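*Asks:* One structure is given below, represented as structure tokens, and several questions about it will come after.
The values are calculated or read from the model by the stated rules, or taken from the named source; none is laboratory data. All values reported here derive from a predicted model rather than from experimental measurement. Glycine gets a Cβ as well: all are built from the backbone with ideal geometry, and neighbour counts include every protein chain shown.
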């Protein structure tokens, strides 16, 4: 069974961007985030991320490879 929560680094790899971009998208409310109580850690629900990517690709977006 895979972990249902992804780290910011894993999300950055999935989106082909940097970790700082992931945090900016969280702050802007673009990425749904799960805050871990009692810590400064944030995680992301994989099912929500996959749904977001699917919607984005259906609207004409495409994933870029890292340079």
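*Asks:* If you check 9, 45, which single one turns out to be surrounded by 10 or more Cβ atoms within 10 Å (Cβ to Cβ), modelled with pLDDT of 90 or more and either out of contact with any helix residue (DSSP H, G or I) (no Cβ under 8 Å at 6 or more places or on another chain) or on the phi > 0 side of the Ramachandran plot (or both)? Quick ask: steps written out before the conclusion?
*Replies:* Working: 9 fails: either out of contact with any helix residue (DSSP H, G or I) (no Cβ under 8 Å at 6 or more places or on another chain) or on the phi > 0 side of the Ramachandran plot (or both).
45 is the lone residue from the list that is surrounded by 10 or more Cβ atoms within 10 Å (Cβ to Cβ), modelled with pLDDT of 90 or more and either out of contact with any helix residue (DSSP H, G or I) (no Cβ under 8 Å at 6 or more places or on another chain) or on the phi > 0 side of the Ramachandran plot (or both).
*Asks:* Kindly evaluate residue 34 against the criterion of being in contact with a helix residue (DSSP H, G or I) (Cβ under 7 Å, 6 or more places away or on another chain) and modelled with pLDDT of 90 or more.
*Replies:* Values: in contact with a helix residue (DSSP H, G or I) (Cβ under 7 Å, 6 or more places away or on another chain): no; modelled with pLDDT of 90 or more: yes.
Taking the combined requirement at face value, the residue does not satisfy it.
*Asks:* Which of the residues spanning the range 1-60 are touching a strand residue (DSSP E or B) at 6+ places or on another chain (Cβ under 7 Å) and assigned to a helix (DSSP H, G or I)?
*Replies:* Restricting attention to the range 1-60, the residues satisfying the condition of being touching a strand residue (DSSP E or B) at 6+ places or on another chain (Cβ under 7 Å) are 4-8, 11, 26, 31-36, 42-46, 49.
Those that are touching a strand residue (DSSP E or B) at 6+ places or on another chain (Cβ under 7 Å) and assigned to a helix (DSSP H, G or I): 8, 11, 26, 46, 49.
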